[in-house]
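The values are calculated or read from the model by the stated rules, or taken from the named source; none is laboratory data. As the structure is a computational prediction, the values presented were derived from the model and not from experiment. No Cβ is skipped: glycine too gets one built from the backbone with ideal geometry, and neighbour counts run over all protein chains shown. Just so you know, the surface numbers come from the protein's heavy atoms only, side chains and all, with ligands and any DNA or RNA stripped out. Shrake-Rupley method; radii C 1.70, N 1.55, O 1.52, S 1.80 Å.
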Amino acid sequence: MPPSLRRPLVLVVGLLLVVAAVVVGVRLATGDDDEGRPVLLVYGYQGTTEQMEPLADALRAAGRNVTIVDLPDDNTGDLWDSAWRLGQAAEQAMADADADSVDVVAHSAGGIVTRLWVSTAGADVAHRVVTLGSPHHGSDGAAVFDECLEACQQLTPGSDLLDELAQQDETPGAASWVSIWSANDGAVEPPESSELDGAVNLRLQDVCPGAEINHSQLLSDPLPLALAVAEVDADEPVEYGSGDCEQLSGS
């Protein structure tokens, strides 16, 4: 992944305006106001907190209290260790906000980390989970890494960890689940691995036909960011379609 996903200032400002307009529309339509519930952001394999900043900025512009979870070893070790760290961060965020639940937005392997946490300690406190390009059923793309560390091995189809998850509900706990993914992902192979039974599955090309958004751009492009923020703020997961492209993408 590139060392930074930051856009030039003018694009970031434009993105925040798009997100704000989408969120206002959602709140007017649903009457929902979840500003008191913390939002936790979970990065992927070899990820960094910096990569999550555009998403954090968009959520903060929508009035949300955001924590970027700092995972051990850049989320390259045992994903169960990362799930334990996510649980710690959730407890701290709820205590700080005097809240009894959290929302989670997770990129790539962060979605697997979140499923592990929700399937155990987080079942009663996760309210909404949005994943971005997460290889829920594994990825043949793991082979592209020069050195496939423990988390990478766990994301390989047929791994013990994925086999264990396959025996469970794919959308565990009381949370509502949304999976946002791109046909042009390039890292998750096949990209349909991101789909979850029981979730609202949003392929970006079904919202904006012809969208060319790769794995890393899921954290910087206006379309997936606007979708993620809108889904976190909605009363219930929303099935967006091609009629929503202009509003969500700002084009």
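Over the range 156-210, Cα pairs under 8 Å with separation of 6+ residues give a relative contact order of 34 percent.
Distance between Cα centroids, the range 67-127 to the range 175-225: provide it in whole Å. Taking the Cα centre of the range 175-225 as reference, the centre of the range 67-127 is 21 Å away.
Estimated from the Cβ-Cβ distance and a Förster radius of 41 angstrom, the FRET efficiency linking Asn184 and Asp78 is about 0.85. Rolling a 1.4 Å probe over the protein heavy atoms gives the range 41-177 an accessible area of 39 Å² per residue. In terms of packing, defined here as the mean over residues of other Cβ atoms within 10 angstrom, the peptides 181-188, 170-177 line up highest first as 181-188, 170-177. Using the Karplus relation 6.51 cos²θ - 1.76 cosθ + 1.60 with θ = phi - 60°, the per-residue 3J(HN,Hα) values for the range 214-228 come to 8, 4, 6, 5, 4, 9, 9, 6, x, 5, x, 5, 5, 4, 4 Hz, with x marking Gly and Pro. Ligands, DNA and RNA left out, the accessible area of the range 83-187 computed with a 1.4 Å probe is 45% carbon and sulfur.
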